[in-house]
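Participant: Here it is: the structure, laid out below.
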């Protein structure tokens, strides 16, 4: 009897050790999410994976505009994120030592393009794009037609200017205006200080003959007058007097959705909300008067790039890698994610239903150039954009050439100032 009891005890200990070993090797996933608008979907995806595999997946979403601070705080904790976002050149410098080299990994092998990946100076694949987006000028074709114009007119700045000014002139009769409000509060100023300004960077980058791989020390400002062309058009032919833009509160996208405007500067992330009421809305490039812009395409890129924490346990790293592969190959999971993100650059992810991304593809298929997100290289981004907003507010209140020079100073000279601060 004692021998039998001893044998049973040994078996119990073996099973317990096996169970503990199995638990330890399973690992878990902690995803610090960069996209607040996708939180609800990501929570569903996490639960779906846990229900199917038993692997715990936690998704924590940083509040808009606080990702860097949240990531730094979370990384100092005893159980830091196993999956996080490294979305630009500055983040690569900050986090390269903390991430797994994704070259040749299972998730990297699922990609259908290398266009959205970020490498450090040694060739380490720091992070990989999990979705890409596009931005430009979203148009309501029904409004264009109701105003007596055609979408065929919108192929360059001259055509856009003629249509926008005519709509604005007749807004009271038509019941809608040309552009949505160009709000300069924190919820919307990025449309101009982060997005519209990209046309200046992009054309300057292109003129240099090589795509930027790091922020240049300074800008020439060669294309800044073209930025003024489209900026002036948008603020002077809109639903709101330019003098009232500083405080914001007009909700540009809602103005478009509710039928108050014909054009709004936004991106593919707003497609689902817009399509509910303007199902045939489409997107056109930032026409600004640059020679040859008839062959322009949309601004395409991403700041949404996955990185795996190299400081996490091997079990958690593996669990995270397995989770990512499942996200981009499982039909149900990728459908949920693609519908939220817009598109995912992976071979086995489902196709996008986002018409704005379809427009980006159509421009590219027609041989138009893609405007990459050179804006990702803005140095000292928060201080840089804050100075630009201040200058734009002064100009909006009094549109003199002297005030525009201050806008140029903020964007062009301010780049060099922030670069020097950032790089010593």
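The values are calculated or read from the model by the stated rules, or taken from the named source; none is laboratory data. For clarity, every value in this text was computed on a predicted model and none was experimentally measured. Here Cβ is always computed from backbone atoms with ideal geometry, including for glycine, and neighbour counts include all displayed protein chains.
Participant: Can you name the helices (runs of 4 or more DSSP H) wholly within segment 36-104 that have at least 3 residues being under 24 Å from residue 125 (Cα atoms) and in contact with a helix residue (DSSP H, G or I) (Cβ under 9 Å, 6 or more places away or on another chain)?
Facilitator: In segment 36-104, the matching helices (runs of 4 or more DSSP H) lie at 67-75, 89-95.
The rows are residues; the columns are (1) within 30 Å of residue 351 (Cα to Cα); (2) touching a residue at least 60 places away in the same chain (Cβ under 8 Å).
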{"position": "128", "(1), (2)": "yes, yes"}
{"position": "134", "(1), (2)": "yes, yes"}
{"position": "138", "(1), (2)": "yes, yes"}
{"position": "145", "(1), (2)": "no, no"}
{"position": "155", "(1), (2)": "yes, yes"}
{"position": "162", "(1), (2)": "no, no"}
{"position": "167", "(1), (2)": "no, yes"}
{"position": "176", "(1), (2)": "no, yes"}
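Participant: Something else now. Can you name the condition, by its number, that residue 382 falls short on among (1) within 22 Å of residue 195 (Cβ to Cβ); (2) free of Cβ contacts under 8 Å to residues at least 24 places away in the same chain; (3) surrounded by 15 or more Cβ atoms within 10 Å (Cβ to Cβ)?
Facilitator: Answer for residue 382: the failing condition is (3).
Participant: Evaluate the following for residue 52: is it exposed (fewer than 15 other Cβ atoms within 10 Å of the Cβ) and at pLDDT 95 or above? Write out each step before concluding.
Facilitator: Numbers: exposed (fewer than 15 other Cβ atoms within 10 Å of the Cβ): yes; at pLDDT 95 or above: yes.
Criteria met by residue 52.
Participant: Which residues, taken from segment 349-367, are outside the structural domain of residue 138 (by TED's automatic domain parsing), in contact (Cβ under 8 Å) with a residue 40 or more places away in the chain and surrounded by fewer than 21 Cβ atoms within 10 Å (Cβ to Cβ)?
Facilitator: Within segment 349-367, just 355 meets the criteria.
Participant: Return the only residue of 33, 88 being at pLDDT below 90, crowded, with 18+ Cβ neighbours inside 10 Å and touching a strand residue (DSSP E or B) at 6+ places or on another chain (Cβ under 8 Å).
Facilitator: 88
Participant: Pick from 267, 297, 292: which is on the phi > 0 side of the Ramachandran plot and not assigned by TED's automatic domain parsing to the domain that holds residue 95? Even if it seems obvious, please write down each step before you answer.
Facilitator: On the way: 267 fails: on the phi > 0 side of the Ramachandran plot; 297 fails: on the phi > 0 side of the Ramachandran plot.
Just a single option satisfies the conditions, and that option is 292.
Participant: Scan segment 76-96 for residues that are touching a residue at least 40 places away in the same chain (Cβ under 8 Å) and either outside the structural domain of residue 33 (by TED's automatic domain parsing) or more than 29 Å from residue 216 (Cβ to Cβ) (or both) and report the count.
Facilitator: Restricting attention to segment 76-96, the residues satisfying the condition of being touching a residue at least 40 places away in the same chain (Cβ under 8 Å) are 79-90, 95.
Narrowing the set further to residues that are either outside the structural domain of residue 33 (by TED's automatic domain parsing) or more than 29 Å from residue 216 (Cβ to Cβ) (or both) leaves 79-83.
Count: 5.
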